[in-house]
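Engineer: Sharing a structure, written as structure tokens. Questions coming.
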Amino acid sequence: MPELPEVESVKVNLEKRILDQTIEKVEVHHRGLRWPIPHNFETLLEGKKVKMLARRAKYLLLHFEQADFILLWHLGMSGRVQIVTPKELTPRQAHDHVEITFYSGLKLRFRDPRRFGAMLLVPLKELSCFSLLSSLGVEPLDNNFSGSFLLELFKNRSLTLKAALLNQKIISGLGNIYVCEALHCAKLSPLRLVKTINHLEADILVKAIQDVLRRAIIAGGSTLRDHRQPDGKKGTFQYTFKVYGREGEQCLQCHHVEIKRILQSNRSTFYCARCQK
Ligand SMILES: [Zn+2]
């Protein structure tokens, strides 16, 4: 499932290709995504010029010139964005549910085999209170995200660090991979209760989360299965994982013990029991 770095790298790639481009034609081949694609989707988007791309958690937000709505886009579990020039155009695949053609000839395709993705049009005036976005926690790369901010969020909670960092209402955009990597980088145990974290540890954790995310974005995210850049390239951050998927291999930090895998809320946690306290 794409996490924050994968979505951010898709956003950065899309910006380079479709910013200032005007939509000529929208074709919806399957409306039944996680939520149905609205019936006025095509007519509202055709003729609109892409003015800005943004990301909130794992959502992409496309803003248009002279439009009172945005396109809110979630890639779901396995969604892939493809941008092709007329020369590169191949026949549409079974799971290419939406195709957007620009006047320049560029075509954007959204392929989503499992159909957990979403494409919704949200009126600008409803954006700040739109339920999918308003319940999201802090953006980990925001300037206001700090150790003391994190301690406030952790206050009086009886959660483990792993569960708290995965909770999208506390911090948004982090998934299993980057939580495991950030906790190893911060040398904090995924089993620690958040109320035992002190100021220094919170500062170190925030730095570790941001460092892991920034490095992953530069690498184009992690490609374990489906993730691709809009130009078809894979992300490469998986080659630098320190703990994720490394069960039984030596810890690259202490070089003493093997990486452990345990289950927390039915999801694998990878960590070093010696480094991470
Ligand atoms: Zn270690």
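The values are calculated or read from the model by the stated rules, or taken from the named source; none is laboratory data. Here the structure is a predicted model, which is why all the values come from computation and not from measurement. When we count neighbours, we look across all protein chains shown, and the Cβ atoms used for this are built from the backbone with ideal geometry, even at glycine. When the accessible area is computed, the model is the full protein with side chains, heavy atoms only, and any ligands, DNA or RNA have been set aside. Shrake-Rupley method; radii C 1.70, N 1.55, O 1.52, S 1.80 Å.
Engineer: Can you tell me which residue is farthest from Leu75 (Cα to Cα) among those in the stretch 181-234 that are aliphatic (A, V, I, L, M), over 20 Å from the mean Cα position of the chain (by Cα) and open to solvent by less than 20 Å² (accessible area, probe 1.4 Å)?
Structural biologist: Among residues in the stretch 181-234 that are aliphatic (A, V, I, L, M), over 20 Å from the mean Cα position of the chain (by Cα) and open to solvent by less than 20 Å² (accessible area, probe 1.4 Å), the one farthest from Leu75 (Cα to Cα) is Ile197.
Engineer: Something else: Enumerate the pairs (first residue in the stretch 78-96 and farther than 19 Å from Pro2 by Cβ; second residue anywhere and of a type in the set (A, V, I, L, M)) with beta-carbon separation below 9 Å, excluding pairs fewer than 6 apart on the same chain, so at least 6 apart or on different chains.
Structural biologist: Val84/Leu106; Val84/Leu108; Thr85/Leu106; Pro86/Leu106; Thr90/Val84
Engineer: Right, something else. Can you pull out the residues in the stretch 256-277 that are in a loop (DSSP other than H, G, I, E, B) and either out of contact with any Gly (no Cβ under 8 Å at 6 or more places or on another chain) or more than 10 Å from the ligand (Cβ to nearest atom) (or both)?
Structural biologist: Answer for the stretch 256-277, where residues must be in a loop (DSSP other than H, G, I, E, B) and either out of contact with any Gly (no Cβ under 8 Å at 6 or more places or on another chain) or more than 10 Å from the ligand (Cβ to nearest atom) (or both): His256, Val257, Ser265, Asn266, Cys272, Ala273, Arg274, Cys275, Gln276, Lys277.
Engineer: Still on this structure, I have one more. Can you spot a residue in the stretch 41-63 that is part of a loop (DSSP other than H, G, I, E, B) and of a type in the set (S, T, N, Q)?
Structural biologist: No, the conditions are met nowhere in the stretch 41-63.
Engineer: Can you run down the residue pairs with Cβ atoms below 7 Å, 6 or more apart or on separate chains, where the first is in the stretch 203-227 and at positive phi and the partner is of a type in the set (D, E, K, R) and assigned to a helix (DSSP H, G or I)?
Structural biologist: Gly221/Glu6
Engineer: Cβ-Cβ distance below 6 Å, separation of 6 or more or different chains: which pairs start in the stretch 148-173 with a residue that is within 25 Å of Glu8 (Cβ to Cβ) and touching a residue at least 24 places away in the same chain (Cβ under 8 Å) and end on one that is acidic (Asp, Glu) and not in a helix (DSSP H, G or I)?
Structural biologist: Going by the 6 Å Cβ cut-off, there are no qualifying pairs.
Engineer: Would you be able to tell me the number of residues in the stretch 235-273 that are open to solvent by 80 Å² or more (accessible area, probe 1.4 Å), of a type outside the set (A, V, I, L, M, F, W, C) and modelled with pLDDT of 95 or more?
Structural biologist: Residues meeting the conditions: 5.
Engineer: Is there any pair linking a residue in the stretch 12-33 that is within 19 Å of Gly47 (Cα to Cα) to one that is open to solvent by 30 Å² or more (accessible area, probe 1.4 Å) and at pLDDT 95 or above, with Cβ under 6 Å and at least six apart or on different chains, and which?
Structural biologist: Within 6 Å, the pairs are Gln21/Ser104; Thr22/Lys49; Thr22/Tyr103; Ile23/Glu46; Ile23/Lys48; Glu24/Tyr103; Val26/Glu42; Val26/Glu46.
Engineer: Can you find a residue that is surrounded by fewer than 18 Cβ atoms within 10 Å (Cβ to Cβ), at pLDDT below 95, in contact with a Lys or Arg (Cβ under 9 Å, 6 or more places away or on another chain) and closer than 22 Å to Leu132 by Cβ anywhere in the stretch 90-101?
Structural biologist: No, there is no match, as no residue in the stretch 90-101 is surrounded by fewer than 18 Cβ atoms within 10 Å (Cβ to Cβ), at pLDDT below 95, in contact with a Lys or Arg (Cβ under 9 Å, 6 or more places away or on another chain) and closer than 22 Å to Leu132 by Cβ.
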